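Q: Take a look at this one; I'll ask things after.
No lab work stands behind these numbers, since they all come straight from the coordinates. Treat the numbers as computed from the prediction; the structure is a model and nothing was measured. Note that each Cβ is placed from the backbone with ideal geometry, even for glycine, and that neighbours are counted across all protein chains shown.
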Amino acid sequence: MSTQPHILVVDDEPQILRALRAILTEKNFTVTTASRGEEALTLAAANPPDVIILDLGLPDIDGYEVCAQLRAWTQAPIIVLSVRDSERDKVRALDKGADDYLTKPFGIEELLARVRVALKHSVRLHGSKEVVISAGKLVIDLARHVVTRDGLDVKLTATEFKLLAYMASNAGRVLTHQTILSNVWGPAEVDQVEYLRVYMRQLRKKLEDNPREPKHLITEPAVGYRFIIDPGF
């Protein structure tokens, strides 16, 4: 059996499929391609991929529906590629279960960087759950509820720790405001975006070298936030 990461690319544009197959194969990935949503679902079930690159504009099933159906049984990271660049489209895709979103046209180096992050996420999902997460100067002990920075304890409130733990456990993923609020505060609080911003500012003051230019707690404008373990990805 091949140990190369398996990537499923779903797009109805033949030239994009050919280009991505060639580029990803050159980078030592195993690549499967599909041009329709139903085909993608069948291929994913038959040979589960490590990462899925998904276009939203498919000729049969809407890409949002493909994403939702995949999420019903797999946690493989999904990177959405689309010409749709509105905040509403991005939020909808992420809320359907996508991990990341790139707007066409995109740079291949950026896509490869996102794939690398997604693969790290995939390894965490399929391996044993990490109890201690290291991110640069930060060490987050999920079991003991302890956070250190440069070896020194950082005092967090219970809610601050819950927010940080949720984001760090989903490192690399773009998390929408609503997703974070629902998981950290509960479904009744999904509209309290300003409340979330306040807590993010507090976390950055305690954890980032420069809270105004954070390296780990990253803002995705008008969409949500992302926790980056390795700022150099």
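Q: Of the residues 154, 66, 223, which exhibits the maximal mean-square fluctuation in a Gaussian network model of the chain defined by a 10 Å Cα contact cut-off?
A: Maximum among the listed residues: 154.
Q: Can you list the residues, at least 5 places off or on another chain, whose amide H is less than 5 Å from the amide H of residue 146, using H built in the peptide plane?
A: The list, which skips near neighbours in sequence, is 141.
Q: Where Lys and Arg each count +1 and Asp and Glu each count -1, what net charge lies around residue 206 among other residues with Cβ under 9 Å from its Cβ?
A: Charge balance near residue 206 sits at +2.
Q: Is there a quick way to get the dipole size of the chain? I mean about its Cα centre, with the Cβ of Lys and Arg at +1 and of Asp and Glu at -1; what is the value in debye to the nearest 20?
A: Dipole of the chain, to the nearest 20 debye: 820 debye.
Q: Next question, about the same structure. What is the calculated FRET efficiency for residue 194 to residue 108, with r their C-beta to C-beta distance and R₀ = 22 Å, to the nearest 0.05?
A: For residue 194 and residue 108, the calculated efficiency is 0.05.
Q: With just the Cα atoms of the stretch 6-126, tell me how far they stretch along each of the three principal axes, in Å, largest first.
A: 33, 30, 24
Q: Would you count, across the chain, every pair of lysines whose alpha carbons are under 14 angstrom apart, provided the pair is eight or more residues apart or spans two chains?
A: Lysine pairs meeting the criterion: 8.
Q: What is the sum of charges, Lys and Arg at +1 and Asp and Glu at -1, for the other residues whose Cβ falls under 11 Å from the Cβ of residue 112?
A: 0
Q: Of the residues 198, 132, 80, which exhibits the maximal mean-square fluctuation in a Gaussian network model of the chain defined by a 10 Å Cα contact cut-off?
A: Maximum fluctuation in the GNM of the chain, among the listed residues, is at 198.
Q: Need one number: the % of Cα-Cα pairs in the chain sitting beyond the 21 Å mark.
A: Summing the P(r) tail past 21 Å for the chain gives 57 percent.
Q: Taking the Cα centre of the stretch 1-104 as the origin, how large is its charge dipole in debye, to the nearest 20, when only Lys and Arg (+1) and Asp and Glu (-1) carry charge on their Cβ atoms?
A: Around 180 debye, computed over the stretch 1-104.
Q: Stretch residue 74-residue 230 to full length: gain in nm at 0.36 nm per residue minus the Cα-Cα span?
A: 53.6 nm
Q: Additional query: Under a 10 Å cutoff between Cα atoms, tell me which one of 51, 131, 31 has the largest fluctuation in the Gaussian network model of the chain.
A: 131
Q: Further question on the same structure: As a check on your grasp of the helix formula, calculate [θ] at 222 nm for the chain: sum -39500 (n - 2.57) over DSSP H runs of n ≥ 4, divide by the residue count, round to the nearest 500.
A: Mean residue ellipticity, 222 nm, calculated: -12500 deg cm²/dmol.
Q: Around residue 163, under 13 Å between beta carbons, what's the net of Lys plus Arg minus Asp minus Glu among the other residues?
A: Within the 13 Å Cβ shell, the charges total +3.
Q: Continuing with the same structure: Report the one residue of 177, 8, 19 whose Cα lies farthest in the direction of the positive end of the charge dipole of the chain (charges on C-beta: Lys and Arg +1, Asp and Glu -1; origin at the Cα centre).
A: 177
Q: Let me ask something else. What share of the DSSP beta bridges in the chain is antiparallel, in percent to the nearest 5?
A: In the chain, approximately 50 percent of DSSP beta bridges are antiparallel ones.
Q: Apply the a/c threshold of 1.5 to the C-alpha gyration tensor of the stretch 132-227 and tell me whether it is rounded, prolate or oblate.
A: Prolate, because a/c is 1.5 or more and a/b exceeds b/c.
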